[in-house]
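Nothing in this text is a laboratory measurement; each read-out follows from the coordinates by a stated rule. This is a predicted model, so every value here is computed, not measured. No Cβ is skipped: glycine too gets one built from the backbone with ideal geometry, and neighbour counts run over all protein chains shown.
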């Protein structure tokens, strides 16, 4: 089945869109993956589930079909986003652990971690800066979020 155009009327009521909240039943489509194609029929993205565990994923591609944004909501509750450059090298990872702890990683063009931002177990900010094999750690003593 090919859908050329899909529209939503902002004046539709929530009851009309979400049957569990109303009496009207609307048609629905269930799938393990929805593929997004552009006007030239190129694969530009997807909303899908991972085969091994059913975890929901999102993927956005550049015009050549290379992934530029990947997102995953893992079964353990963590959420991860990866942004890649035009050559396919991961440049930024954003993560939230199941307990909500944030973690940001910035990569150089060679794919190696250059900067990491996270919180210590005491909730103090921690910055790690890497240059090859060397690493420097910075934190604010006693800094904590309430």
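Please tell me the relative contact order of segment 14-139 in percent, rounded to the nearest whole number, where contacts are Cα pairs under 8 Å and at least six residues apart.
Computed over segment 14-139, the figure is 10 percent.
Multiply the residue gap between residue 99 and residue 33 by 0.36 nm, knock off their C-alpha separation, and tell me the result in nm, one decimal place.
20.9 nm
Just check segment 14-139 against the gyration tensor rule for me: Cα atoms, a ≥ b ≥ c as the square roots of the eigenvalues, rounded for a/c under 1.5, and otherwise prolate or oblate depending on whether a/b exceeds b/c.
Numbers: a/c = 3.36, a/b = 1.59, b/c = 2.12.
Oblate.
Say a paramagnetic label sat at a point 7 Å from the Cα of residue 136, along Cα to Cβ; which residues of segment 98-115 have their backbone N under 16 Å from it?
Only 114-115 fall inside the zone, counting backbone N under 16 Å.
Under a plain spin-label model, where a point goes 7 Å from the Cα along Cα-to-Cβ, how far apart in nm are residue 58 and residue 92?
1.5
Given R₀ = 22 Å, FRET efficiency for residue 66-residue 113 by Cβ-Cβ distance, to 0.05?
0.55
Could you let me know the centre-to-centre spacing of segment 33-57 and segment 89-104, using Cα atoms, in angstrom?
Answer, in whole Å: 22.
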